[in-house]
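Single-structure report; data block below.
We did not get these values from a lab; they are worked out from the coordinates using the rules stated. All of these numbers come straight from a predicted model, not from anything done at the bench. Don't worry about glycine lacking a Cβ; one is built from the backbone with ideal geometry, like all the others, and counts go over all protein chains shown.
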Amino acid sequence: MSARYTVEVLAQEVGDRGITVNSVLPTTIEGAGVFTEVPDDHPMRAAARAGRPLEGRFGTVEDVADAVEYFVGPLASWVSGQHLLISGGGAQQ
């Protein structure tokens with residue numbers, strides 16, 4: 001069962017208890033995944049940056065934390081069963 005499907009089903013199962021269930025899906029994050037060991041001048045970095053229209057940069061841990069802060073805060077009290085792609089405008093892979 002996919003994690004995305006699990007979020008949607010859980011949101012339906014626990015919503016009547018006032019519990020929200022959402023997911024944050026970060027893509028290219030500086031210092032995470034394959035980019036912990038890749039040198040700054042590696043062609044893979046340039047290709048990944050080119051796919052991010054928003055500022056042409058990698059995301060940061062702070063970018064992801066901001067999205068999580070939204071989901072756990074009062075502004076998202078009516079948001080449940082959703083998936084937020086943190087990609088800087090890049091297409092989902």
Q. Using r as the Cβ-Cβ distance of Arg17 and Leu85, and R0 as 35 Å, what FRET efficiency do you calculate, to the nearest 0.05?
A. 0.80
Q: For the chain, build the charge dipole from Cβ charges (+1 Lys, Arg; -1 Asp, Glu) around the Cα centre, then report which of Trp78, Gln12, Phe58 sits farthest towards its positive end.
A: Gln12
(Q) If the only charges are +1 at each Lys and Arg Cβ and -1 at each Asp and Glu Cβ, what is the size of the charge dipole of the chain around the Cα centre, to the nearest 20 debye? (A) 240
**Q.** Estimated FRET transfer efficiency when R0 is 22 angstrom, pair Ala65-Val38 (beta carbons, to 0.05)
**A.** 0.45
Q) Of (i) 38, 10, 9; (ii) 20, 15, 12; (iii) 31, 13, 11, which is the value of semi-axes √(5λ) of the Cα gyration tensor in Å derived from the coordinates here? A) (iii)
